[in-house]
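The values are calculated or read from the model by the stated rules, or taken from the named source; none is laboratory data. These figures come from a predicted structure and were not determined experimentally. Ideal geometry is used to build each Cβ from the backbone, glycine not excepted, and the neighbour counts take in all protein chains shown.
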Amino acid sequence: MARKAKELSALEVGRLTVPGLRFVGGVAGLALQVTPSGARSWILRVMIGGKRRDMGLGGFPDVTLAGAKEAARGARLKIKEGVDPIGDAKARRSTLSAARAASMTFSQAATAYIAVMESEWSNDKHASQWRNTLSSYAFPVIGNIYVREIDHSHVMRVLEPIWLTKTETAKRLRGRIENVLDWARVRGYRTGENPARWRGHLDMLLPTPGKVQKTKHHPALPFNELGKFMTKLQQQEGIGARGLEFAILTAARSGEVRGALWSEIDLHDATWTIPAGRMKAKREHRVALNKEAVALLQSLPRTHELIFPSSKGMKLSDMTLTAVLRRMGRGDITAHGFRSTFRDWCSERTNYARDVAEMALAHTIGDKVEAAYRRGDLFEKRRLMMRDWGKFSRQVQIAADVVPINKERALP
């Protein structure tokens, strides 16, 4: 049993400054510990399970003599009841620490998710679009709420105000919230079903997006105006104009063109091979280069690995091609819209099969069964089609009664 010391008064305790352990009386084993640096704290020396243990009760003078005695009596009562107060305190601290570690707000989870996924997003704007929509619409409502506490009522508070007025934005926002919460569940920050899921959940609470607002397509140039447009485009100076011209001749996406490298080009075979990492569908894509596209490439200086570098040797921004269109007085159309121009030309002016055109655009085959059996990429047929597209781009005037090009001929 711990020996009982002479009981000291609060004033006497306050005068204890010599380094060491000084028992203060009143409760068996209660002592004030003074370190060589002068720091003072309360210690309760007890026997637990046959072993002597020192239990900290807090610092002095934040914990007064009276407070230390009360804590010491409480600890001794627990020991008498068969409870280890030291182990109990450690367990509570461990539980609290684990709870804090498992606590993550939605804004923290979203930031972490974007950081993880950003490296695999091929579109430069993707990460910024994620950040912008979440910070504008989700963070003000649920940003500071722990992901483990978010339910469908929180999600509805985010989506309902913009679902009818900004439907496309709201639809994408819902999907992004769902992805963040799925990530948080897998990482152990939440459990249960995802309150942002659509099928069988939010589709019962919100109108179907397609019935609220019709899809807005990228403004495109009518294909019968292409020749005249290309003539004017070729008169424009700058690498941005050449990038736009190449994008039109190849029917490629803006990002694929702006990131194009000379190492991807085989001029001898007239082929541009875009690696999977730069493709939207994450699959390697071959582009058959028509002679117009080859001639354009041959006219460019090879001062950089990028085919279309900016003045600082960096990748062109997505606004560069838009700026070219605006300088030409065609702010009413978009660079991406020329893919629609190409697709309309395929349908209206040629007899090329739909699959050939879709593969030229690197579109994913929607039918899973068809996709499973499709092994080739119809490249030789696409080469013929791109050859005709190049010829068409040089025709300034198109008669109204032109008969579609007959493609029912043997491949070379």
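Determine if the stretch 288-307 includes at least one residue that is in contact with a helix residue (DSSP H, G or I) (Cβ under 6 Å, 6 or more places away or on another chain) and within 20 Å of residue 334 (Cβ to Cβ). No: zero hits. Out of the stretch 12-38, which residues are among the small types (Gly, Ala, Ser) and surrounded by 12 or more Cβ atoms within 10 Å (Cβ to Cβ)? Within the stretch 12-38, 14, 25, 26, 28, 29, 31 qualify.
Within the set of pairs 6+ apart or on separate chains, which have a first residue in the stretch 20-35 that is farther than 20 Å from residue 51 by Cβ and touching a residue at least 12 places away in the same chain (Cβ under 8 Å), a second that is among the charged types (D, E, K, R) and in a strand (DSSP E or B), and C-beta atoms under 8 Å apart? Listed by first residue and then by second, the contacts come to 32/22; 32/40; 34/22; 34/40.
Between 252, 293, 270, which is buried (at least 18 other Cβ atoms within 10 Å of the Cβ), aliphatic (A, V, I, L, M), within 29 Å of residue 326 (Cα to Cα) and in contact with a Leu (Cβ under 7 Å, 6 or more places away or on another chain)? So that I can check it myself, show each step before the final result.
Details: 252 fails: in contact with a Leu (Cβ under 7 Å, 6 or more places away or on another chain); 270 fails: within 29 Å of residue 326 (Cα to Cα).
After ruling out the rest, the residue left standing is 293.
Read through the list (1) closer than 20 Å to residue 89 by Cβ; (2) at pLDDT 85 or above, then give the number of the only condition that residue 37 fails. That leaves (1) as the condition not met.
For the residues 282, 228, 232, the requirement of being at positive phi and either in a helix (DSSP H, G or I) or not assigned by TED's automatic domain parsing to the domain that holds residue 154 (or both) singles out 282.
State all residues of the stretch 235-273 that are free of Cβ contacts under 8 Å to residues at least 12 places away in the same chain, part of a loop (DSSP other than H, G, I, E, B) and under 13 Å from residue 294 (Cβ atoms); if no residue qualifies, say none. Even if it seems obvious, please write down each step before you answer.
Narrowing the stretch 235-273 to residues free of Cβ contacts under 8 Å to residues at least 12 places away in the same chain: 235, 237, 264, 266, 268-269.
Narrowing the set further to residues that are part of a loop (DSSP other than H, G, I, E, B) leaves 235, 237, 268-269.
The answer is 268, 269.
Identify, please: which residue in the stretch 120-138 is of a type in the set (A, V, I, L, M, F, W, C) and surrounded by fewer than 18 Cβ atoms within 10 Å (Cβ to Cβ) and is, among those, nearest to residue 260 (Cα to Cα)? Write out each step before concluding.
First, pick out the residues of the stretch 120-138 that are of a type in the set (A, V, I, L, M, F, W, C): 121, 127, 130, 134, 138.
Filter once more, so that each one left must be surrounded by fewer than 18 Cβ atoms within 10 Å (Cβ to Cβ): 121, 127.
Values: 121: 16, 127: 21 Å.
Applying the filter and picking the extreme gives 121.
Being under 15 Å from residue 170 (Cβ atoms) and loosely packed, with under 15 Cβ neighbours inside 10 Å: is that true of residue 144 here? Answer is no for this residue. When residues in the stretch 63-114 are screened for being exposed (fewer than 11 other Cβ atoms within 10 Å of the Cβ) and at pLDDT below 75, 10 of them pass.
Given the criteria more than 20 Å from residue 78 (Cα to Cα), free of Cβ contacts under 8 Å to residues at least 60 places away in the same chain and surrounded by fewer than 17 Cβ atoms within 10 Å (Cβ to Cβ), does residue 9 qualify? Walk me through how you get there before you give the answer.
Values: more than 20 Å from residue 78 (Cα to Cα): yes; free of Cβ contacts under 8 Å to residues at least 60 places away in the same chain: yes; surrounded by fewer than 17 Cβ atoms within 10 Å (Cβ to Cβ): yes.
Judged against the criteria, residue 9 is a match.
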